[in-house]
Structure formats: structure tokens, C-alpha cells
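What follows is a single structure, written as C-alpha cells, with notes after it.
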Amino acid sequence: MLDLPQIIAKEISLPLQQVNNALELWKEGATIPFIARYRKERTGSLDEIQLRQLFERYTYLTELEQRKETVLAAIAQRLARSEIATQNKLTEELQAKIKACLNKTELEDLYLPYKPKRRTKATIAKEKGLKPLADFIQSLNQPKVSPISLDREAAKYINEEKGVKTVEEALSGAADILAEIVAEKAGIRADLRNYLLKKGMFISRIKEDYPEGSTKFEMYRNYQYSVSKIPPHNILALYRGEAEGVLTVDITFDEAEVMSYLESQEIATKVPAIKNFYRAMLKDAFNRLLKPSLIREVRAERKDYADLESIKTFEANLRELLLASPAGMKPTLAIDPGFRTGCKVAVLSETGKFLEYQAIFPHSGVEKRCENTALPARELDSRAQRTQAAKIIQNLITKYRIELIAIGNGTASRETDRFIAEVLKTLDSKIIKVIVNESGASIYSASDVARREFPDLDVTVRGAISIGRRLQDPLAELVKIDPKSIGVGQYQHDVNQKLLKQKLDETVEICVNYVGVDLNTASPELLIYVSGITPTIANNIVAYRDRKGAFKNRQELLKVSKLGAKTFEQAAGFLRIRDGDNPLDNTAVHPESYDVVKEIAATLKVSLTDVTKVGNRLKSLELNQFVTDTVGLPTLQDVVRELEKPGRDPREEFQYAVFKEGVMEIADLQVGMELEGIVTNVVNFGAFVDVGVHQDGLVHISQLADHFVSDPKEVVKVGQMVKVKVTEVDRQLKRISLSMKIGN
């Protein structure tokens with residue numbers, strides 16, 4: 001068996017000891033966030049990305065080793081049953097190749113000649129007794145051989161009972177046998193697969209049923225692009241168009257070059273008759289056996305590549321969205337805007353607790369005028385409703401001492417934003433008003449999670465609550481929604497769904513443990529992403545909290561049902577307790593390091609309570625004096641950083657965009673207009689930006705910066721405030737083109 005840690009260490013250029021230590025911790029049940037944060041001494045400070053790469057490669061190679069055992073056993077079994085021709089014996093060379101290979105595709109190529117298969121032309125030819133003829137012809141394929149009549153030799157195999165009636169049929173059957181042998185050669189398959197990947201061209205055509213301009217796949221009407229260089233989003237678009245029956249998609253290449261390669265590999269003789277026989281056989285082998293399977297494999301490989309790149313983009317966007325700066329846990333008024341059905345207003349406390357709900361109708365007249373301009377009699381009624389709505393908002397702001405107002409960015413958001421601005425002018429208080437991206441709020445409001453949380457509330461009220469909580473703390477609220485419903489992906493329904501879920505769950509886990517979780521306010525949906533905590537334990541934590549009240553210290557976690565010492569070790573450092581018995585419980589310092597902190601406090605001659613208040617003195621400490629066999633310098637440096645800024649939220653400081661007054665619909669946009677907006681999605685070909693008109697505009701990758709940009713993620717990120725210029729508006733198709741090259 002291969003030394004997998006040694007192989008991985010070499011592949012990713014890491015010391016073997018670090019790889020072995022990381023794998024040992026992982027096999028013992030330690031989570032990636034825990035290993036990355038609290039076992040730096042053992043891993044050489046490998047971060048979460050490096051650890052995931054290491055463990056994924058180890059899993060891949062472990063699965064490969066298991067597959068090798070299966071393959072070798074299957075070949076041996078078939079040989080024992082005499083199901084495989086004697087020349088296909090399991091030689092020492094083949095065994096060595098199988099045991100040494102590091103790629104699943106390579107292994108399957110090696111196994112192909114021995115793999116049980118359906119009845120083929122070759123097996124039928126063998127049943128007709130033509131294998132000896134094929135062997136004879138094969139023996140003639142060498143540089144020095146005398147000319148011979150293939151027809152005369154083939155005539156010996158004519159047998160009407162077996163279905164061989166003519167010389168031509170005998171030679172054709174022999175060719176079928178030799179073609180299958182060629183098509184199953186691992187080296188040839190690998191070379192041709194690489195050739196198609198490097199030199200092949202994707203081509204597509206729109207079917208005749210779809211006239212010009214009638215489909216969203218118009219750019220693929222007469223499209224061609226190198227297989228090796230085609231962008232991931234183009235691959236996914238091609239495959240989607242093909243699946244929807246709009247496009248025909250194929251891979252083209254220089255077939256003459258392929259045939260020349262095959263002949264150079266397989267033809268050794270100079271005898272014209274044998275040479276011509278081999279040329280015809282190779283052409284059939286390629287067209288009938290190699291070409292279809294290799295094109296399928298190349299398409300699958302490109303699909304896997306496109307999936308992975310698309311998922312990487314999705315991961316990056318989700319990470320930025322989850323780590324968006326929180327406005328803070330402050331009394332909040334959350335508004336889900338609407339015209340006909342009114343605006344749903346929910347009041348949330350500084351802990352995110354739902355307090356009150358009201359429905360207001362400040363826009364009824366606006367909608368009626370939009371529907372029918374001949375309704376002046378209703379104007380007074382709509383004014384009265386607007387006045388009443390303003391009073392309700394004023395009263396709620398005063399009653400609950402509101403500091404934040406969150407307005408969903410859906411229908412009527414800009415009208416509601418303007419209405420709230422008018423109300424705020426009548427008040428002295430300084431309140432922050434923000435338009436919040438509500439993607440996925442409706443999914444949450446109708447989910448089992450929302451029903452469990454608010455069983456007695458209507459879905460519209462739940463939606464408003466979600467909008468408000470997103471402003472207070474995006475991470476804590478967004479974890480309740482399936483990441484695929486948040487709206488930051490690219491071709492998310494076309495990619496590998498299992499891999500997508502795995503990677504997005506990993507991203508959420510990274511973000512949750514990076515920020516840390518308030519143990520006394522976290523929902524079960526948030527707790528399950530904390531290192532080591534299962535759904536059962538998350539529910540048990542909440543049940544304990546509901547029954548006993550707020551946790552006073554981290555040690556109290558050990559009283560929670562099913563939360564044992566191992567889970568405590570994995571989770572404790574990521575759980576925060578504000579105003580608890582121990583000030584260290586509100587930091588990322590792990591309980592296993594509390595004794596070190598006590599030593600530091602004693603050295604500084606301060607109490608444990610005050611050790612977090614002497615930042616300047618901490619910086620002057622000589623940390624080596626505290627190093628032990630179990631606590632190294634990396635851990636001590638982390639501890640000191642936490643003590644310098646205890647309870648610090650690692651997310652950026654809160655900022656928000658202000659949309660341009662008077663620009664509320666796509667009809668209000670003019671080419672050349674400069675606006676402030678928020679990046680809502682980053683894709684391989686650019687970024688989408690919300691400028692407050694209910695339709696995101698696209699900043700193409702070529703318009704992101706004055707310099708060349710190969711990856712939009714290097715320039716922009718989801719949630720970022722940007723200044724853009726309108727370059728094109730198509731009101732009919734609702735397409736907005738923007739540029740971040742403001743100076744041009």
C-alpha cells in the first residue's frame with residue numbers, strides 16, 4: 001500500500017510531520033476549525049483551507065486504494081474462472097502500475113481490458129472462432145515480415161455454422177477483436193484524452209426551431225471555444241442549452257492528426273496489405289470505440305472543472321455575505337414593503353427578540369394611481385392611510401427606542417425608504433435606516449425553522465423579522481436559510497448538487513467558527529455549525545438554556561445532555577458568554593489555556609478580570625517564558641491577541657449604501673448617470689450591483705477596473721459598496737450595464 005501521508009506531503013509541499021499530525025487529529029474526531037485554531041503547534045499553523053485540501057486529498061487517495069484492491073481481486077477472480085484471455089494475464093508490471101497510480105481515471109483505464117462488459121462485436125467475433133486469426137494478423141505487424149496473403153489465411157476460418165460465410169467476414173471479425181484491444185490500451189486512451197483536452201474545440205449551434213433573437217442562448221448560435229480555455233460559466237451554459245433542447249453541442253478536433261498518432265503507435269509493418277488492414281482497423285477503433293467514450297469523458301471532465309470553479313465562486317460570495325458587517329444588536333424596526341398588501345412592520349429587541357407587529361398602508365394611493373389614473377376620489381383616503389402609517393411608525397420608534405430601521409429591497413422598497421425618511425425628519429433621534437437584501441426571506445418564512453420559531457405568526461411577519469435580524473447580525477440569521485436560496489450563486493442548479501451542499505456547508509462552518517457564537521442567544525440552526533456540535537446537542541443546549549436560564553460559564557456546558565468532554569474540547573473556544581462568571585468566556589481563548597492566562601495575569605500583577613484591560617503591557621510580555629510542552633508560541637500569540645481586544649467581532653465595521661434620490665425604477669436611469677450601489681453577486685464574467693431600481697445591473701469583468709482583471713473576486717466582493725456609471729439601459733429586456741471606470 002502506498003504511503004499516503006508521504007505522497008500528500010510531497011504534493012502540497014509540507015513537512016511530513018505536519019501532515020501526519022493533522023491526519024492523526026482528524027482521525028481522532030477533531031474538526032477543521034478546532035485543529036486550525038487550537039492545534040497550531042502540532043500542524044505548523046496550517047489554516048482551514050490547507051487542512052481541507054489535505055483531508056480531501058487523503059480521502060481521495062484512500063478511496064483510490066480501496067478501488068485498487070477491488071480491481072486486483074476482480075481481475076484475479078476472472079483469471080481463475082478463465083474468463084480472460086491468457087495474454088491478458090495479471091503481470092507483475094500491470095500490478096505495479098495499478099498499485100502506483102494516483103488517479104482514478106488512470107486506474108479505470110488499466111482495468112478496462114479486464115472489466116466485464118456487454119456483448120460486443122469483438123466478443124461475437126471470438127464466439128465465431130476468429131481470435132486465432134486476429135492473433136495471427138497481430139503477429140505479422142512487425143518491421144521485418146514477409147508479404148503474405150491475408151485472404152488465404154482468412155479463408156481457413158470460413159464456417160457457415162458459426163456464421164462466417166466469406167473471407168471478408170472473417171477479416172472483419174478479426175479487425176473487431178484487434179480494434180477492441182487498441183481501444184482498451186491505457187496509454188493510448190490517456191494520450192488521446194489529453195489531446196482532446198488540449199487541442200479540442202467546443203462548438204455549438206442553435207437548432208432551426210429557434211429563430212434569431214428568440215432564445216437566451218443567442219450568443220451560442222455559432223459558437224466555438226478551445227476545450228482547454230473555455231470559461232466555466234460558458235461550459236455550464238452550453239450544457240444547460242443542450243439539456244433544454246435549444247443547442248447542439250460537440251467537440252471537434254483534427255482527426256487526421258489523431259489517426260497519424262494511432263498509426264505511429266500501432267503500425268510496425270511495411271507490408272502494404274497488412275498496413276492497409278491496420279489503417280482501416282484503427283479508423284474503426286477510433287470512430288466506433290475511442291471517440292465516443294473519450295468525448296464523453298472529456299465533457300465530463302470539463303463539467304467537473306466548471307462545477308468546481310462555479311462552486312468556488314459561490315463559496316466566496318457566501319463567505320462575504322455571511323461575514324457582512326453587522327449593524328449591531330440594537331432595537332430594530334423591520335419592514336417588509338408592499339403596495340396592495342401594505343408594509344409589514346416588526347419590532348425586534350436588542351437581542352433580536354420579536355416584540356410587536358403592525359401593518360401599515362402608506363402606498364395604497366401610489367399603487368392605485370399606477371393601476372388607474374382616474375381615481376381622484378380615493379386620494380383623501382390614501383392620504384389618511386399614509387398619515388396613519390406615519391403615526392404608527394413614530395409611536396413604535398418612541399415606544400421601543402428604535403436605533404435601526406431595516407427595509408427589505410423588494411417591491412415598494414424605494415417608496416418605503418422615502419416614506420420612512422419623511423417620518424424620521426419629524427423626530428429628533430438619530431436612527432440608521434438601511435435597505436436590506438431580502439433574498440431568501442420568503443424561503444425562510446415558510447420553512448420548518450420559521451414555523452418552529454414563530455408558530456403563531458403569519459409568513460409575512462416572519463419575513464419582516466428575518467429582514468430585521470439580517471441587519472442586526474447577518475450571519476446568525478442567514479444560517480437559517482439554505483445557502484442556495486440566498487441568491488449569490490452562478491448556475492447553481494446545474495452543478496454537482498452533492499458537492500455544492502458540502503462546500504457551502506463547509507463555508508458556513510468556517511464563518512460561524514471564525515466569528516464565534518453567543519451561547520445565550522444562538523439558535524439551534526446557528527449552533528449546529530459550531531465545531532463538534534451535532535443537531536441533537538444544539539437542541540439540547542437550547543432546551544437547557546430555556547429550562548435553567550442563561551449560561552453563567554463555559555463549564556456549565558458539561559451539564560447539557562450528550563455534551564461530553566470531547567464535544568466540550570471541540571466547541572468551547574467558539575462559544576461566547578457575555579457578562580458571565582469568567583471574563584475569558586467572552587473571548588476565543590480556549591478553557592485549556594486559562595491556566596496560562598492566570599500566569600500572565602500574575603506576571604503582570606493584575607487580576608484575571610483586569611488582564612483584558614492592560615493591552616499595552618501585554619504587548620511588552622516575553623511570551624517564551626510561558627511556553628510549555630503543551631502550549632507553544634502560536635497559541636500564546638493568539639491568547640495575547642484575544643486579551644488585547646476581548647470579545648472583538650472580527651467582521652468589518654458596519655457601512656451601508658445610500659441610493660440616489662429620485663432613481664427608483666429602471667425608467668429613471670440615464671446613460672452616464674453615476675450611482676452608489678451594493679454588490680449582490682460576483683460571477684466569473686463580472687459583478688451584479690443593486691442601484692435601487694429593483695433590477696441589478698451588470699458590471700462586466702472588462703469594466704471592473706482600469707487594469708486587466710482575470711478574476712472578478714480580486715476586485716469586488718458581495719456586500720461591497722461601489723460607485724458605478726450607467727453605460728447602457730435596455731428597458732424592454734430589463735438589462736442594465738454598468739461600469740466601475742468612473743473616470744472614463
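The values are calculated or read from the model by the stated rules, or taken from the named source; none is laboratory data. Note that the structure is a prediction, hence the values are computed from the model and not measured. Glycine also receives a Cβ, built like all others from the backbone with ideal geometry; neighbour counts cover every protein chain displayed.
Considering 266, 242, which residue is more than 22 Å from residue 683 (Cα to Cα), among the charged types (D, E, K, R) and in the same structural domain as residue 143 (by TED's automatic domain parsing)?
The conditions single out 266.
Scan (1) free of Cβ contacts under 8 Å to residues at least 40 places away in the same chain; (2) in a helix (DSSP H, G or I); (3) β-branched (Val, Ile, Thr); (4) within 27 Å of residue 31 (Cβ to Cβ) for the single condition residue 603 breaks and write down its number.
(4)
Taking into account only those residues within the range 634-686 that are among the small types (Gly, Ala, Ser) and touching an Asp or Glu at 6+ places or on another chain (Cβ under 9 Å), which is farthest from residue 436 (Cα to Cα)?
Among residues in the range 634-686 that are among the small types (Gly, Ala, Ser) and touching an Asp or Glu at 6+ places or on another chain (Cβ under 9 Å), the one farthest from residue 436 (Cα to Cα) is 662.
How many residues does the range 666-686 contain that are more than 20 Å from residue 719 (Cα to Cα), touching a residue at least 40 places away in the same chain (Cβ under 8 Å) and either assigned to a loop (DSSP other than H, G, I, E, B) or of a type outside the set (Val, Ile, Thr) (or both)?
Counting residues in the range 666-686 that are more than 20 Å from residue 719 (Cα to Cα), touching a residue at least 40 places away in the same chain (Cβ under 8 Å) and either assigned to a loop (DSSP other than H, G, I, E, B) or of a type outside the set (Val, Ile, Thr) (or both) gives 6.
List the residue pairs whose Cβ atoms are under 7 Å apart, where the first residue sits in the range 523-537 and is of a type in the set (Asp, Glu), the second is in a helix (DSSP H, G or I), and the two are 6 or more positions apart or on different chains.
525/449
Looking only at the range 299-334, filter to residues that are crowded, with 18+ Cβ neighbours inside 10 Å, within 22 Å of the chain's Cα centre (by Cα) and aliphatic (A, V, I, L, M); which one of those is nearest to residue 229 (Cα to Cα)?
Ranking the candidates gives 306 first.
Among the helices (runs of 4 or more DSSP H) contained in the range 114-170, which hold 2 or more residues that are under 17 Å from residue 285 (Cα atoms)?
Of the helices (runs of 4 or more DSSP H) lying wholly inside the range 114-170, those with at least 2 residues that are under 17 Å from residue 285 (Cα atoms) span 121-127, 131-140.
Please pick out the residue among 526, 563 that is aliphatic (A, V, I, L, M) and assigned to a loop (DSSP other than H, G, I, E, B).
Going through 526, 563 in turn, the sole match is 563.
Hey, does the range 238-261 have a residue that's modelled with pLDDT under 95 and outside any loop (DSSP other than H, G, I, E, B)?
No: the range 238-261 contains no residue that is modelled with pLDDT under 95 and outside any loop (DSSP other than H, G, I, E, B).
Identify, from the list 31, 59, 70, the residue that is touching a residue at least 60 places away in the same chain (Cβ under 8 Å), of a type in the set (S, T, N, Q) and not assigned by TED's automatic domain parsing to the domain that holds residue 632.
When all the criteria are applied, what remains is 31.
Output the residues belonging to the range 397-423 that are more than 41 Å from the chain's Cα centre (by Cα) and hydrophobic (A, V, I, L, M, F, W, C).
Scanning the range 397-423 gives a single hit, 423.
If we keep just the residues of the range 703-723 that are modelled with pLDDT under 95 and among the polar types (S, T, N, Q), which is surrounded by the fewest Cβ atoms within 10 Å (Cβ to Cβ)?
710
Just to be sure I understand the filter: pairs with C-beta atoms under 7 Å, separated by 6 or more residues or on different chains, first member in the range 304-322 and among the charged types (D, E, K, R), second member modelled with pLDDT of 90 or more and part of a helix (DSSP H, G or I). Which pairs pass?
Hits for this filter: 307/499; 309/232; 315/503; 315/504; 315/507; 319/507; 319/511.
With the range 364-476 as the region, which helices (runs of 4 or more DSSP H) entirely inside it contain at least 2 residues that are closer than 27 Å to residue 528 by Cα and at pLDDT 95 or above?
Hits in the range 364-476: 459-472.
Could you tell me which of the residues 46, 90, 54 is under 30 Å from residue 593 (Cβ atoms), outside the structural domain of residue 639 (by TED's automatic domain parsing) and either acidic (Asp, Glu) or not in a helix (DSSP H, G or I) (or both)?
Selected residue: 46, the only one of 46, 90, 54 that is under 30 Å from residue 593 (Cβ atoms), outside the structural domain of residue 639 (by TED's automatic domain parsing) and either acidic (Asp, Glu) or not in a helix (DSSP H, G or I) (or both).
Would you confirm whether or not the range 615-630 contains a residue that is at pLDDT below 90 and buried (at least 17 other Cβ atoms within 10 Å of the Cβ)?
Yes, that holds for at least one residue.
Give the residue, chosen from 30, 22, 9, that is crowded, with 16+ Cβ neighbours inside 10 Å, small (Gly, Ala, Ser) and not in a helix (DSSP H, G or I).
30 is the lone residue from the list that is crowded, with 16+ Cβ neighbours inside 10 Å, small (Gly, Ala, Ser) and not in a helix (DSSP H, G or I).
Does residue 636 qualify as being more than 24 Å from residue 35 (Cα to Cα) and surrounded by 14 or more Cβ atoms within 10 Å (Cβ to Cβ)?
Taking the combined requirement at face value, the residue does not satisfy it.
Hey, could you check the range 212-225 for residues that are touching a strand residue (DSSP E or B) at 6+ places or on another chain (Cβ under 7 Å) and closer than 21 Å to residue 683 by Cβ and say which is modelled with the lowest pLDDT?
Result: 215.
With the requirement that a residue be on the phi > 0 side of the Ramachandran plot and either at pLDDT 95 or above or under 23 Å from the mean Cα position of the chain (by Cα) (or both), what does the range 673-702 give you?
686
Of all residues in the range 469-516, which are over 25 Å from residue 684 (Cβ atoms) and basic (Lys, Arg)?
Scanning the range 469-516 gives 469, 470, 480.
For residues that are aliphatic (A, V, I, L, M), more than 27 Å from residue 415 (Cβ to Cβ) and in a helix (DSSP H, G or I), tally how many sit in the range 311-357.
4
Determine which single condition residue 73 fails, assuming it passes every other condition in (1) over 30 Å from residue 8 (Cα atoms); (2) surrounded by fewer than 16 Cβ atoms within 10 Å (Cβ to Cβ).
(1)
Can you name the residue in the range 266-323 that is out of contact with any Gly (no Cβ under 7 Å at 6 or more places or on another chain) and aromatic (Phe, Trp, Tyr) and is also nearest to residue 234 (Cα to Cα) among such residues?
So the residue we want is 305.
Taking the range 662-697, which residues are farther than 24 Å from residue 492 by Cβ, crowded, with 16+ Cβ neighbours inside 10 Å and of a type in the set (Gly, Ala, Ser)?
Selection gives 692 alone.
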